[in-house]
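The values are calculated or read from the model by the stated rules, or taken from the named source; none is laboratory data. Here the structure is a predicted model, which means the values were calculated and not measured. Heads up, the Cβs are rebuilt from the backbone with ideal geometry, glycines too, and the neighbour counts pull from every protein chain shown.
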Amino acid sequence: MNSFFERRYVITGIFLTIIIVLLARLFYIQVIDPRYAIYASNNVRREIIHNPARGPILDRNGKILVQNVPFYDIMVTPKLVKPFDTVEFCKLLGINREEFDKQWQKAMKYSPTRSSPFEKQISVTTFASLQERLSEFPGFYSTPRYLRTYPDSVAAQFLGYIGEAQDRDIKRSGGYYHSGDYIGITGVEKSYETVLRGQRGVENLMVDSRGKPKGRYANGMFDTAAVAGQRLTSSLDIDIQKLGEKLMKNKLGSIVAIEPSTGEILCYVSSPTYDPNLMVGRERGNNAAKIYKNPFDPFFIRPIQAKYPPGSSFKPLSALIALQEGIIDPNTTYYCPGYYKAGNRKIPCNNGEAHGLVNLSSAVALSCNGYFSMVFQKIMDRNGGKKTDATFASWRDNVEKFGLGGRLGLDMPGESRGNVPTPLHYDNVYKKGGWRSSTIISLAIGQGELLATPLQLANLECTIANEGYYYKPHLIKAIGEQNIIKKEYTVRNYVGIDSQYFQPVINGMQAVVDKGTAIRSKIPGIVMCGKTGTAQNPHGESHSVFVAFAPRDHPKIAIAVVVENSGEGAHWAAPIASFIVEKYLKGSISQRESGITVDYYANATRLPDSATYLHSNSFNRRKALKADSIKKRLQDSVNKKLKGLKSTSAKNKKDSLTRFLAAQPIRKEDE
Amino acid sequence: MNNQRSFFFNVDWVTVFIYLALCTIGWFNIHSAVFDERHPGILDFKTDYSKQLLYILISLVIGIVILLLESRFITALAPAFYGITLLLLLLVLVVGRSVGGNAAWISLGGGFKLQPSEFAKFTTCLLLARYLSATNVRITEWRSFLTAGAIIGVPMVLILLQPDMGSTLVFYSLIFVLYREGLSPYFLVISALFIILFLTSILFTPLYVVAAISVLSLLIIALFRKNRRLVVTILTGLVICIAFVFSVKFIYNHVLQPHQKVRIDIVLGIKNDPRGQGYNVNQSKIAIGSGKFWGKGYLHGTQTKYSFVPAQSTDFIFCTVGEEWGFVGSVVVLGLYLFLVLRIIFLAERQRSPFSRIYGYGVASIIFFHVMINIATTIGLAPVIGIPLPMISYGGSSLLNFTMLIFVLVKLDSNRMGIV
């Protein structure tokens, strides 16, 4: 035998050691380390998302306001693509080569083996010619997307729109939304997002290393079915909504009509408006930019975001508080010489007209500034001049109960609070103890710092129509097939005025229409109670305001109409309101004694000069400065738009300050 | 003893059985790795598993032929086989270049190719055994050592020119044969030392490595300062080591090809590139790791079936084993290899003729080196150099090579009582 025989053990030892090392490593990666199994399933598993149809939104009578229409996204998995005729492909898609290259790079960057959208939101008509040819382009496939369509193109600001979820939404949703998912961005689409969106379905597929599907993952054990979104029945009446948008064409302003017995919003017009269909499809970004560039800002939701001094429409409220407080009774009279003298200030009546002896009802009917100034001063001075701030604070509480100066909690984002000044505000302006009833006398006639949204004004009319309470105004009356009604909408909100005090005020409001300022808007066969208002506008002609409810007994509709820059309430807002009321109550519009017609108002233009408008509205000024970057902004992030809306209301606070400052000289002139 | 009638009784059936078991395991794993439900043909010779079936049959025939040959014939023709291999290796350099593709193959037509470097392992082994078994050869003598080195070195150089780093390194495993035959153990130690130095020089700044080995050497000198010879040896060694460390960076940056560099970097953890250069190893680890303890079951491996792992039926065939048969399968396969190698060493040691013994050690070393590097590669312990897993990987040349290696040994063993 060989002398180096024992060396076999050394060699065997080395071999054994190495095998043990290999086995130890295998044991570690196969048995101990759990990461590899996860990596493996990530490799092979692809989630295919099935987007459910979004819930449709109906009007109160079941007519469709918005429903779904299929669009197609062309998807691509770059690794599966084989050489093809790019020119032909571009032609079919209707894009140019540059766009093609851009999209291709984007898809490659996302992942060569995972599919991502190549071209989005292709309409059914474009897709028809593409569909049969698509198989010639391996690696590309289509996936249906349900987008929105609006058969009557109405109620854009009410419905809002949807768009792709942005990073912020995705983060906030805790992973529910993925990039490319659609989400409600404004309006009802946003506030009812969780109801409308339904439940996403997931199918798990196995794919090979190139991303090619190879069958179901785990026999579909982890798959879930898509559940369609729920239908919403809105409170809107599509007929009066259409009429309202027609009447408000080429005018700035709002119409808000509410059913007093439920709080359901029947009509919600924001003018100028836009065709909601423009916010769907491939041209969406360009269209949005155009809408955004409109100096009158169609995206501005005037019914809840615009704030106006209520003017004379505030007077009934003023009277009611005085009656409840026992300051006056219905028979309290005032001899109107054409003005009211508060301290050394003179509050003139409309056109300096002397009303003579007026009681409560006739003061409402004649809109006598003198009477209401007298009442206001009586309230403020009842505890003595030194306690004006405390008295004012309690008066303010009473006003707030009507829903002024705070959000009503509408089921839609973006609501503004309006403004009811605080004692602190006057302390800051005049220093503490430096103001008296005469200082703040403008509040008596709805001027000064008072600001209300059209929604608040309409809600105020509901309260008067109901003689002391209102239901929370809302846009969606029932959710889903079961027509679920939210409990908060069945609660009466009392405003702290006994019902007995309403009749004298309502008498006066009936007289406004029957024989007062709004006589031209009288509806044959319907007793309407209303109040005209002329809201001072420091930037131009006054805003025309009219509030009303009808019929007097068992009111079915309460309404507030604002037409900006149009002067007296009786001239524009009242006729428009009367048409809406009549259409709602009778279904048609009859011949008027005064001879006013829908066509006349629908065709009239009351647009201010866009240049001055731009400079008079701070939210628009902001917009003008950024006009160039708007298109990009819209496309990049619709969220920024949302932020924009928020800052709009912030800007509106400043706006109210400008209005207040502008009101100051008027007061001084009076002195 | 009547050779003609008894050789089947003298055949070591244990070795043959392990060989057949590994071939079978190999075939099923190749089948699983490339199985496609739409083209299940096992006999159409288009799929890898159908071709492998053919290779296995050919190998068995050749195996039987070898068993029927005279042992004398094998020893006598060893130089001729070696010479033919060298010619083929030269030819491959010419033909390979003219084809312009991978230079390791000679096309035989019909989609079949010959890989001479595989056969070089067998023939080199034979010639080395023949040379070392000559009575006047002592491996401890420089002359003999250099001749043995040349026998191993020539095919190494030719294969390196292809360039096929993996197959080249396989020949280095024959150092175990030389060691068994009396080569100083320092060669093993120095080999290990140089591997360690090589890796540390890549991982760390050469200056730090030099500082570390210098301090170590000085400590040893301080301890054994009375032993003059040792001090001199260590100092010489230190100088060589320092020279080596500094040349490593140069070799690494200028001699090695970029992809080889990256592969080494990935194993050392310097680079992490799971989508590019590190893709293979990363996916291979995922496939093996996802097998867990029991595996996913035959034909149920998703990573290998859906081609996440490249070269899945050849160099990365172990992924299929790991994924579908789990840790249990890995242990069985590694166990079979260990058993085979130990059995071959056992056979080698029981030979009366030095030729058979030396040849046996050659077979054991080559098989073991393949297994070690191949599996270490799939689990990220060695850089990707692309050598097959014996008997399991798809490939006719490789299977034939191992068949000849093993069956010649079995033949020699069956004849161990006779004089070769």
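Looking for something of a type in the set (Gly, Ala, Ser), modelled with pLDDT under 85 and surrounded by fewer than 19 Cβ atoms within 10 Å (Cβ to Cβ) - is there at least one such residue anywhere in the range A:82-96? If you could, list the steps in order and put the result at the bottom.
We begin by selecting, within the range A:82-96, every residue of a type in the set (Gly, Ala, Ser); these are A:94.
Within this subset, residues satisfying the condition of being modelled with pLDDT under 85 are A:94.
Those left that are additionally surrounded by fewer than 19 Cβ atoms within 10 Å (Cβ to Cβ): A:94.
Yes, the range A:82-96 contains a residue that is of a type in the set (Gly, Ala, Ser), modelled with pLDDT under 85 and surrounded by fewer than 19 Cβ atoms within 10 Å (Cβ to Cβ).
What number of residues within the range B:348-364 are more than 11 Å from chain A (Cβ to nearest Cβ) and crowded, with 24+ Cβ neighbours inside 10 Å?
Total meeting the criteria: 4.
Any chance you could count how many residues in the range B:314-328 are surrounded by fewer than 24 Cβ atoms within 10 Å (Cβ to Cβ) and not in a loop (DSSP other than H, G, I, E, B)? Write out each step before concluding.
Residues of the range B:314-328 surrounded by fewer than 24 Cβ atoms within 10 Å (Cβ to Cβ): B:314, B:326-328.
From the residues that got through so far, the ones that are not in a loop (DSSP other than H, G, I, E, B) too are B:326-328.
Within the range B:314-328, residues that are surrounded by fewer than 24 Cβ atoms within 10 Å (Cβ to Cβ) and not in a loop (DSSP other than H, G, I, E, B) number 3.
Could you check the range B:370-387 and list, in sequence order, the residues that are closer than 21 Å to residue B:291 by Cβ, small (Gly, Ala, Ser) and touching a residue at least 12 places away in the same chain (Cβ under 8 Å)?
Within the range B:370-387, B:380, B:382 qualify.
Do you know which residues across the range A:27-52 are at the interface with chain B (Cβ under 8 Å from one of its Cβ atoms), of a type in the set (Val, Ile, Thr) and free of Cβ contacts under 8 Å to residues at least 40 places away in the same chain?
First, pick out the residues of the range A:27-52 that are at the interface with chain B (Cβ under 8 Å from one of its Cβ atoms): A:27, A:29-31, A:33, A:35-37, A:39-41, A:43-44.
If we keep only those that are of a type in the set (Val, Ile, Thr) too, we end up with A:29, A:31, A:44.
Answer for the range A:27-52, where residues must be at the interface with chain B (Cβ under 8 Å from one of its Cβ atoms), of a type in the set (Val, Ile, Thr) and free of Cβ contacts under 8 Å to residues at least 40 places away in the same chain: A:29, A:31.
Is there any pair with a first residue in the range B:36-56 that is modelled with pLDDT of 65 or more and a second that is of a type in the set (D, E, K, R) and part of a helix (DSSP H, G or I) whose Cβ atoms are under 8 Å apart and which are 6 or more apart or on different chains, and what are they?
Close Cβ pairs (under 8 Å, with a partner that is of a type in the set (D, E, K, R) and part of a helix (DSSP H, G or I)) amount to B:45/B:51.
Count, please, the residues in the range A:486-509 that happen to be buried (at least 16 other Cβ atoms within 10 Å of the Cβ) and either modelled with pLDDT under 90 or in a loop (DSSP other than H, G, I, E, B) (or both).
Qualifying residue count, the range A:486-509: 2.
State yes or no: is residue A:77 more than 30 Å from residue A:222 (Cβ to Cβ), crowded, with 17+ Cβ neighbours inside 10 Å and not acidic (Asp, Glu)? It would help to see each step written out before you state the result.
On the way: more than 30 Å from residue A:222 (Cβ to Cβ): no; crowded, with 17+ Cβ neighbours inside 10 Å: yes; not acidic (Asp, Glu): yes.
The answer is no for residue A:77.
Any residue that is over 23 Å from residue A:79 (Cβ atoms), touching a residue at least 12 places away in the same chain (Cβ under 8 Å) and touching a helix residue (DSSP H, G or I) at 6+ places or on another chain (Cβ under 6 Å) - is there at least one of those in the range A:170-182?
Within the range A:170-182, one or more residues are over 23 Å from residue A:79 (Cβ atoms), touching a residue at least 12 places away in the same chain (Cβ under 8 Å) and touching a helix residue (DSSP H, G or I) at 6+ places or on another chain (Cβ under 6 Å).
Kindly establish whether residue A:331 is more than 24 Å from residue A:462 (Cβ to Cβ) and touching a residue at least 40 places away in the same chain (Cβ under 8 Å).
no
Given (1) of a type in the set (Lys, Arg); (2) over 30 Å from residue A:535 (Cβ atoms); (3) in a loop (DSSP other than H, G, I, E, B); (4) away from every other protein chain (no Cβ under 14 Å), where does residue A:168 come up short, assuming only one miss?
Only one criterion is unmet by residue A:168, namely (3).
Considering every residue within the range B:285-294, establish whether at least one is farther than 21 Å from residue B:26 by Cβ, modelled with pLDDT under 80 and in a loop (DSSP other than H, G, I, E, B).
no
What single numbered condition from (1) modelled with pLDDT of 90 or more; (2) assigned to a helix (DSSP H, G or I); (3) more than 14 Å from chain A (Cβ to nearest Cβ) fails to hold for residue B:397?
Every listed condition holds for residue B:397 apart from (1).
Considering only the range A:428-447, how many residues are part of a helix (DSSP H, G or I) and at pLDDT below 85? First the steps, then the outcome.
The initial filter retains those residues of the range A:428-447 that are part of a helix (DSSP H, G or I), namely A:428-430, A:441-445.
Still in the running and at pLDDT below 85: none.
So the count comes out to 0.
Among the β-branched types (Val, Ile, Thr), buried (at least 24 other Cβ atoms within 10 Å of the Cβ), more than 8 Å from chain A (Cβ to nearest Cβ) and more than 16 Å from the chain's Cα centre (by Cα) - does that describe any residue in the range B:297-313?
yes
Sort through B:251, B:234, B:220, B:266 and tell me the only one that's touching a residue at least 24 places away in the same chain (Cβ under 8 Å) and outside any loop (DSSP other than H, G, I, E, B).
B:266
Which one of the conditions (1) farther than 29 Å from residue A:463 by Cα; (2) in a helix (DSSP H, G or I) does residue A:298 fail to meet, given that it meets all the rest?
Checking residue A:298 against (1) farther than 29 Å from residue A:463 by Cα; (2) in a helix (DSSP H, G or I), the one that fails is (2).
Any chance you could count how many residues in the range A:3-26 are in a loop (DSSP other than H, G, I, E, B) and more than 7 Å from chain B (Cβ to nearest Cβ)?
3
Would you point out the residue of the range A:250-300, among those that are among the hydroxyl-bearing types (Ser, Thr, Tyr) and farther than 30 Å from residue A:491 by Cα, that is surrounded by the most Cβ atoms within 10 Å (Cβ to Cβ)?
Just the residues of the range A:250-300 that are among the hydroxyl-bearing types (Ser, Thr, Tyr), to begin with: A:254, A:261-262, A:268, A:270-271, A:273-274, A:292.
From what's left, farther than 30 Å from residue A:491 by Cα: A:271, A:273-274, A:292.
On the way: A:271: 25, A:273: 21, A:274: 20, A:292: 20.
The qualifying residue surrounded by the most Cβ atoms within 10 Å (Cβ to Cβ) is A:271.
Determine which member of the set B:391, B:372 is of a type in the set (A, V, I, L, M), in a loop (DSSP other than H, G, I, E, B) and either within 14 Å of another protein chain (Cβ to nearest Cβ) or more than 26 Å from residue B:131 (Cα to Cα) (or both).
So the residue among B:391, B:372 that is of a type in the set (A, V, I, L, M), in a loop (DSSP other than H, G, I, E, B) and either within 14 Å of another protein chain (Cβ to nearest Cβ) or more than 26 Å from residue B:131 (Cα to Cα) (or both) is B:391.
Scan B:301, B:295, B:278, B:291 and give me the residue that is closer than 25 Å to residue B:377 by Cβ and touching a Phe, Trp or Tyr at 6+ places or on another chain (Cβ under 6 Å).
Selected residue: B:295, the only one of B:301, B:295, B:278, B:291 that is closer than 25 Å to residue B:377 by Cβ and touching a Phe, Trp or Tyr at 6+ places or on another chain (Cβ under 6 Å).
With surrounded by fewer than 16 Cβ atoms within 10 Å (Cβ to Cβ), under 30 Å from residue A:479 (Cβ atoms), at pLDDT 85 or above and more than 14 Å from every other protein chain (Cβ to nearest Cβ) as the only criterion, which of A:68, A:61 stands out? Talk me through it step by step, then tell me what you get.
Numbers: A:68 fails: surrounded by fewer than 16 Cβ atoms within 10 Å (Cβ to Cβ).
Every option except A:61 fails the conditions.
In the range A:601-615, is there at least one residue being in contact with a Ser or Thr (Cβ under 7 Å, 6 or more places away or on another chain), at pLDDT 50 or above and assigned to a loop (DSSP other than H, G, I, E, B)?
Yes, some residue in the range A:601-615 is in contact with a Ser or Thr (Cβ under 7 Å, 6 or more places away or on another chain), at pLDDT 50 or above and assigned to a loop (DSSP other than H, G, I, E, B).
Of the residues A:211, A:175, A:215, A:180, only one is assigned to a loop (DSSP other than H, G, I, E, B) and within 14 Å of chain B (Cβ to nearest Cβ); which?
The unique qualifying residue is A:211.
Wholly within the range A:27-128, which helices (runs of 4 or more DSSP H) include no fewer than the required count, namely at least 3 residues that are among the aromatic types (Phe, Trp, Tyr) and over 30 Å from residue B:329 (Cα atoms)?
Counting at least 3 such residues, we get A:97-110.
Restricting to the range B:225-234, what's the tally of residues that are surrounded by 13 or more Cβ atoms within 10 Å (Cβ to Cβ) and farther than 16 Å from residue B:186 by Cβ?
Selection size over the range B:225-234: 1.
Go through the range B:171-217 and report how many residues are under 27 Å from residue A:10 (Cα atoms), among the polar types (S, T, N, Q) and assigned to a helix (DSSP H, G or I).
Residues that pass the stated criteria total 3.
Give the range A:273-286 a look and list any residue that's among the polar types (S, T, N, Q) and at pLDDT below 90, or say none. Outline the logic, then answer.
Our first condition is that a residue be among the polar types (S, T, N, Q); within the range A:273-286, this holds for A:273, A:277, A:286.
Within the range A:273-286, A:286 is the sole residue that qualifies.
Sort through B:335, B:322, B:326 and tell me the only one that's within 18 Å of residue B:23 (Cβ to Cβ) and facing chain A (nearest Cβ under 9 Å). So that I can check it myself, show each step before the final result.
Values: B:322 fails: within 18 Å of residue B:23 (Cβ to Cβ); B:326 fails: within 18 Å of residue B:23 (Cβ to Cβ).
Only one candidate qualifies: B:335.
Taking the options A:313, A:318, name whichever one is buried (at least 17 other Cβ atoms within 10 Å of the Cβ) and within 16 Å of residue A:501 (Cα to Cα).
After ruling out the rest, the residue left standing is A:318.
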